[in-house]
Amino acid sequence: DTAVSQTPKYLVTQMGNDKSIKCEQNLGHDTMYWYKQDSKKFLKIMFSYNNKELIINETVPNRFSPKSPDKAHLNLHINSLELGDSAVYFCASSHLTGNYGYTFGSGTRLTVV
Amino acid sequence: SQQGEEDPQALSIQEGENATMNCSYKTSINNLQWYRQNSGRGLVHLILIRSNEREKHSGRLRVTLDTSKKSSSLLITASRAADTASYFCATGRPGFGNEKLTFGTGTRLTIIP
């Protein structure tokens, strides 16, 4: 009964390819997020979606396109992958209002070669 | 620029000892949260302290918050080998919901059996 599940766990691909990462939560949260963790473990917000609507887009290159078909799903599509995109991508969810923590997925390690 | 910075960057202690990690941040906050990340895994929410609270406990965890100094500390008492992980503080902005958490740089804690 995984609360936030993301697939795939590992992704190795060549430069220039297009890839997608999927995320689903079964917690009934109204807000979902994508975070990027670099090789130094620094976590940075990429996108936030509330009830399928984009509410945060943190100056991410437009090669990254999130899609939220419903409030339980948030997918991330990346076009024309570059070496610098190699990182671990985490999906998370929470309630938007109130003092709540995030529930994170286990991450997708993307390696661009 | 990055909101939070943890201190120390790395900490090694003997099992059974107490571990203290500190977090400093730069702007006003709505709440401050602590997360644990085991190697190769997602982040796990540990504890949240609101901006109008000064101290909070959860099991072996004790968190303090000093908004005048813009700092927080996480104390883990009677450490165990299973506490070995990276610990991150994260802050939410006042006047907003949870649409964006800004994470610190993390403290790598190693418990020596």
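The conditions are (1) of a type in the set (Gly, Ala, Ser); (2) over 30 Å from residue A:48 (Cα atoms); (3) surrounded by fewer than 18 Cβ atoms within 10 Å (Cβ to Cβ), and residue B:79 fails exactly one of them. Which is it? Looking at each condition in turn, residue B:79 falls short on (3). Assuming residue A:59 fulfils every condition listed in (1) away from chain B (no Cβ under 11 Å); (2) surrounded by 17 or more Cβ atoms within 10 Å (Cβ to Cβ) apart from one, which condition is it? Single failed check for residue A:59: (2).
Residue-wise test of (1) at pLDDT below 90; (2) touching a helix residue (DSSP H, G or I) at 6+ places or on another chain (Cβ under 9 Å); (3) within 14 Å of chain A (Cβ to nearest Cβ); (4) under 14 Å from residue B:90 (Cβ atoms).
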position	(1), (2), (3), (4)
B:2	yes, no, yes, yes
B:5	yes, no, yes, yes
B:11	no, no, no, no
B:14	no, no, no, no
B:20	no, no, no, no
B:23	no, no, yes, yes
B:33	no, no, yes, yes
B:39	no, no, yes, no
B:48	no, no, yes, yes
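Within the stretch A:70-98, the set of residues being in contact (Cβ under 8 Å) with a residue 60 or more places away in the chain and closer than 27 Å to residue B:45 by Cα comprises A:89, A:90, A:91, A:92, A:93, A:94, A:95, A:96.
Filter the stretch A:70-90 down to residues that are more than 10 Å from the chain's Cα centre (by Cα) and in a strand (DSSP E or B) and give me whichever is surrounded by the most Cβ atoms within 10 Å (Cβ to Cβ). Write out each step before concluding.
First, pick out the residues of the stretch A:70-90 that are more than 10 Å from the chain's Cα centre (by Cα): A:70-73, A:78-87.
After this cut, where a residue has to be in a strand (DSSP E or B) as well, the list is A:70, A:73, A:78, A:87.
Details: A:70: 9, A:73: 16, A:78: 22, A:87: 19.
Ranking the candidates gives A:78 first.
With respect to (1) free of Cβ contacts under 8 Å to residues at least 40 places away in the same chain; (2) within 14 Å of chain B (Cβ to nearest Cβ); (3) charged (D, E, K, R); (4) open to solvent by 60 Å² or more (accessible area, probe 1.4 Å), the lone exception for residue A:67 is condition (2).
For the stretch A:43-54, the set of residues classified as open to solvent by 80 Å² or more (accessible area, probe 1.4 Å) and either modelled with pLDDT of 95 or more or farther than 30 Å from residue B:5 by Cα (or both) consists of A:52, A:53, listed by residue number. Restricting attention to the stretch B:1-18, does a residue exist that is open to solvent by less than 30 Å² (accessible area, probe 1.4 Å) and either touching a Leu at 6+ places or on another chain (Cβ under 6 Å) or closer than 28 Å to residue A:2 by Cα (or both)? Looking for residues that are open to solvent by less than 30 Å² (accessible area, probe 1.4 Å) and either touching a Leu at 6+ places or on another chain (Cβ under 6 Å) or closer than 28 Å to residue A:2 by Cα (or both), one finds none in the stretch B:1-18, hence no.
Annotation for the stretch A:12-20: no member residue is in contact with an Asp or Glu (Cβ under 8 Å, 6 or more places away or on another chain), within 13 Å of chain B (Cβ to nearest Cβ), at negative phi and open to solvent by 10 Å² or more (accessible area, probe 1.4 Å).
The lone criterion from (1) among the hydroxyl-bearing types (Ser, Thr, Tyr); (2) at pLDDT 95 or above; (3) open to solvent by 20 Å² or more (accessible area, probe 1.4 Å) left unmet by residue A:93 is number (3). The residue that is farthest from the chain's Cα centre (by Cα), among those in the stretch A:29-42 that are surrounded by fewer than 15 Cβ atoms within 10 Å (Cβ to Cβ) and touching a residue at least 24 places away in the same chain (Cβ under 8 Å), is A:39.
The values are calculated or read from the model by the stated rules, or taken from the named source; none is laboratory data. Since the structure is predicted, the reported quantities are computational estimates derived from the model, not experimental observations. Don't worry about glycine lacking a Cβ; one is built from the backbone with ideal geometry, like all the others, and counts go over all protein chains shown. We work out accessible area using only protein heavy atoms, side chains counted, and drop any ligands, DNA or RNA first. Shrake-Rupley method; radii C 1.70, N 1.55, O 1.52, S 1.80 Å.
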